[in-house]
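In what follows, a structure is listed as structure tokens, so that the remarks can point back to it.
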């Protein structure tokens, strides 16, 4: 199966602690690399984990709190020093483009590649990126400032022909194409070709949902339903439920409940508060509600649908 | 002797490489902590080396290239999360204050402590900070954009009375004070007190000079003369002399020559280009010109005058 995986680069909330770093994840979807959030030090994390940052195709920034983007200016200028010439797409809330312009003006530097800025807009789930193999959607979260979640979706691929079925038959190119697209064909000359007979079933297209910095939001359930992998922030544990609410964050238990309601396959919890040195109890709390939960440990890679 | 030391937090030039991080140093002068430059990840380096960032009294930013300040927004917001209420002095070139204001506006955050911004101005050596025990001066360097060096100077302290000399004598408080200040006293009643007899000689006040991102600049010699410790950038080696000149940087050999001309006691070279994995040859080059040279290795502490 084509690669679709998520590498955790940062797992801390606003105040880095215990060797944890602020939010960042690298998505590899069919060998296309996408960065989600870019906390301070992300470029060093990428180097540490042996990722080639020049291969990043697009960056998605969920919101403009520093722990989600203070590493972006450094990453963008390092890409320039590495000789990037191809354009880079950056999807982010309003305000980051002029800020980056000002940073470049102050340093009297100019990038040798083009940043294609895409301003995220509020109001429901929106398709923000699409190519041959995938689509990315943004959707609103409920945080202190405008914040977006992201959903990375594989497109259904073409079905694979069964060699033993087509061997020795004179089947036209047009018919083969239809069968691969999942269409039955009745040829004028007589024979009927059922795609289910002549092609192999495809694995279902996979989905990864990223929900960072949000109150538990009932409206999310329909958006992230049946995702193969869900990242949902869990800054706090239930004992700090009130603090979570005041700061527009979620608890591990609430993240687990969200995963259960949306019937996702696996949950990753992250964005850990600096008050927790050890994370075992936080994980136990999520698992009590949703057993297939894991911690967003830095350097850990999660296969989507794996 | 009271503490006066420099801890290297970052040693790389613009592109971090081989586990090296961009420029930052922590100066401890008589238990007052000062941060010089603040490359991306500085707050993590401080934590790694066990430094209490809430104890930092002032920050000095040499210039507005990202590898010297991209860690500052994160540091300033983390200090806020740590509950700082006392003011923080930030000395920097023009432009950083409005940039930081915009970053706070985008995050809809407000600091609970006051940043006292001090804009550095060009035109020779200027005293920018002074208290009971020390003075800090800024001076211009020769880089692609406006860049400043800094000199941290201990003030001569009060001389220490020799207990065996004053024991059993009726010497007035005023006379003791003058002796401690290095003044001889002839009392009306007859006795003459020589400060050299009644007090111990003081160690000479120590000086640390920080010269980051600059061409070798002859005018520096008079400013940094006889510094106990000099940090001078050496982004390149002599084999890349032309590149150094084009990028407004220095070679290790040039840094050594500067240390020799200025008759400093010890030289630290740093701001290493990402083209050098190993630094032995770079150090050898500096030492060939100025034997008492050391590499700015991260985590290494240098005693000023030690």
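The values are calculated or read from the model by the stated rules, or taken from the named source; none is laboratory data. Here the structure is a predicted model, which means the values were calculated and not measured. In this analysis, Cβ positions are derived from the backbone assuming ideal geometry, glycine residues included, and neighbour counts consider all displayed protein chains.
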Condition met for residue A:182 (on the phi > 0 side of the Ramachandran plot, touching a helix residue (DSSP H, G or I) at 6+ places or on another chain (Cβ under 9 Å), assigned by TED's automatic domain parsing to the domain that holds residue A:57 and at pLDDT below 95): no
From A:29, A:72, residue being within 14 Å of chain B (Cβ to nearest Cβ), within 18 Å of the chain's Cα centre (by Cα) and modelled with pLDDT of 95 or more: A:72
Kindly provide the set of residues from the stretch A:214-243 that are touching a strand residue (DSSP E or B) at 6+ places or on another chain (Cβ under 7 Å) and without any contact (Cβ under 8 Å) to a residue 24 or more places away in the chain, ordered by number. A:241, A:243
Enumeration of residues in the stretch B:264-285 that are part of a loop (DSSP other than H, G, I, E, B), in contact with a helix residue (DSSP H, G or I) (Cβ under 7 Å, 6 or more places away or on another chain) and closer than 18 Å to residue B:213 by Cα: B:276
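What is the residue count in the stretch B:57-66 for residues that are more than 8 Å from chain A (Cβ to nearest Cβ) and outside any loop (DSSP other than H, G, I, E, B)?
Going residue by residue through the stretch B:57-66, those that are more than 8 Å from chain A (Cβ to nearest Cβ) are B:57-63.
Narrowing the set further to residues that are outside any loop (DSSP other than H, G, I, E, B) leaves B:57-60.
Summing the residues that are more than 8 Å from chain A (Cβ to nearest Cβ) and outside any loop (DSSP other than H, G, I, E, B) in the stretch B:57-66 gives 4.
Going by the conditions given, is residue A:106 surrounded by 13 or more Cβ atoms within 10 Å (Cβ to Cβ), under 21 Å from the mean Cα position of the chain (by Cα) and facing another protein chain (nearest Cβ under 8 Å)?
no
Of A:288, A:255, A:259, which residue is over 15 Å from the mean Cα position of the chain (by Cα), surrounded by fewer than 24 Cβ atoms within 10 Å (Cβ to Cβ) and assigned to a helix (DSSP H, G or I)?
Only one candidate passes the filter, namely A:288.
Has the stretch A:34-48 got at least one residue that is at negative phi and loosely packed, with under 15 Cβ neighbours inside 10 Å?
Looking only at the stretch A:34-48, we keep the residues that are at negative phi, and these are A:34-36, A:38-40, A:42-48.
Next, from what is left, pick out any that are loosely packed, with under 15 Cβ neighbours inside 10 Å: A:48.
Scanning the stretch A:34-48 turns up at least one residue that is at negative phi and loosely packed, with under 15 Cβ neighbours inside 10 Å.
Kindly check whether there is at least one residue in the stretch B:227-236 that is under 28 Å from residue B:30 (Cβ atoms) and not in a strand (DSSP E or B).
Looking only at the stretch B:227-236, we keep the residues that are under 28 Å from residue B:30 (Cβ atoms), and these are B:227-233.
Adding the requirement that they be not in a strand (DSSP E or B) leaves B:227-228.
Within the stretch B:227-236, one or more residues are under 28 Å from residue B:30 (Cβ atoms) and not in a strand (DSSP E or B).
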Filter the stretch A:117-159 down to the residues that are within 14 Å of chain B (Cβ to nearest Cβ), surrounded by fewer than 21 Cβ atoms within 10 Å (Cβ to Cβ) and in contact with a helix residue (DSSP H, G or I) (Cβ under 9 Å, 6 or more places away or on another chain) and list them by number. A:119, A:145
Any residue in the stretch B:39-55 that is within 13 Å of residue B:24 (Cα to Cα) and assigned by TED's automatic domain parsing to the domain that holds residue B:25 sitting within a Cβ distance under 7 Å of a residue that is exposed (fewer than 14 other Cβ atoms within 10 Å of the Cβ) and at pLDDT 95 or above? List the pairs, counting only those 6 or more apart or interchain. B:49/B:299
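Of the residues B:90, B:133, which single one is under 16 Å from residue B:39 (Cα atoms) and in the same structural domain as residue B:15 (by TED's automatic domain parsing)?
On the way: B:133 fails: under 16 Å from residue B:39 (Cα atoms).
The unique qualifying residue is B:90.
Within the stretch A:133-153, how many residues are within 15 Å of residue A:210 (Cα to Cα) and touching a strand residue (DSSP E or B) at 6+ places or on another chain (Cβ under 6 Å)? Steps first, answer last, please.
Taking the stretch A:133-153 first, the residues within 15 Å of residue A:210 (Cα to Cα) are A:135-143, A:147-153.
Subset that is touching a strand residue (DSSP E or B) at 6+ places or on another chain (Cβ under 6 Å): A:135-139, A:141, A:148-153.
Adding up the residues that qualify gives 12.
Being assigned to a helix (DSSP H, G or I), more than 8 Å from chain A (Cβ to nearest Cβ) and either without any contact (Cβ under 8 Å) to a residue 12 or more places away in the chain or surrounded by 22 or more Cβ atoms within 10 Å (Cβ to Cβ) (or both), is that true of even one residue in the stretch B:80-97?
Filtering the stretch B:80-97 down to residues assigned to a helix (DSSP H, G or I) leaves B:80-81, B:96-97.
Keeping just the survivors that are more than 8 Å from chain A (Cβ to nearest Cβ) gives B:80, B:97.
Add one more test, that the residue is either without any contact (Cβ under 8 Å) to a residue 12 or more places away in the chain or surrounded by 22 or more Cβ atoms within 10 Å (Cβ to Cβ) (or both), and what stays is none.
Looking through the stretch B:80-97, none of the residues is assigned to a helix (DSSP H, G or I), more than 8 Å from chain A (Cβ to nearest Cβ) and either without any contact (Cβ under 8 Å) to a residue 12 or more places away in the chain or surrounded by 22 or more Cβ atoms within 10 Å (Cβ to Cβ) (or both).
Being surrounded by fewer than 16 Cβ atoms within 10 Å (Cβ to Cβ), more than 30 Å from residue B:255 (Cβ to Cβ), touching a helix residue (DSSP H, G or I) at 6+ places or on another chain (Cβ under 8 Å) and not assigned by TED's automatic domain parsing to the domain that holds residue B:211 narrows it down to one residue among B:165, B:177; which is it? Even if it seems obvious, please write down each step before you answer.
Details: B:177 fails: touching a helix residue (DSSP H, G or I) at 6+ places or on another chain (Cβ under 8 Å).
Only one candidate passes the filter, namely B:165.
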Restricting attention to the stretch A:41-56, does a residue exist that is part of a strand (DSSP E or B) and more than 14 Å from chain B (Cβ to nearest Cβ)? yes
Give me the pairs: first residue in the stretch B:136-149 and assigned by TED's automatic domain parsing to the domain that holds residue B:32 and over 20 Å from residue B:225 (Cα atoms), second residue modelled with pLDDT under 95 and not in a strand (DSSP E or B), beta-carbon distance under 7 Å, and six or more apart or on different chains, which are they? B:144/A:108; B:145/A:108; B:146/B:122
If we keep only residues of the stretch B:1-25 that are more than 11 Å from chain A (Cβ to nearest Cβ) and part of a loop (DSSP other than H, G, I, E, B), then the residue farthest from residue B:72 (Cα to Cα) is B:1
Here the residues within the stretch A:47-69 that are over 25 Å from residue B:103 (Cβ atoms) and under 17 Å from the mean Cα position of the chain (by Cα) are A:51, A:55, A:57
Some residue of the stretch A:113-129 being free of Cβ contacts under 8 Å to residues at least 40 places away in the same chain, closer than 18 Å to residue B:15 by Cβ and part of a helix (DSSP H, G or I): no
Kindly check whether there is at least one residue in the stretch A:160-168 that is under 29 Å from residue A:137 (Cα atoms) and touching a strand residue (DSSP E or B) at 6+ places or on another chain (Cβ under 9 Å). yes
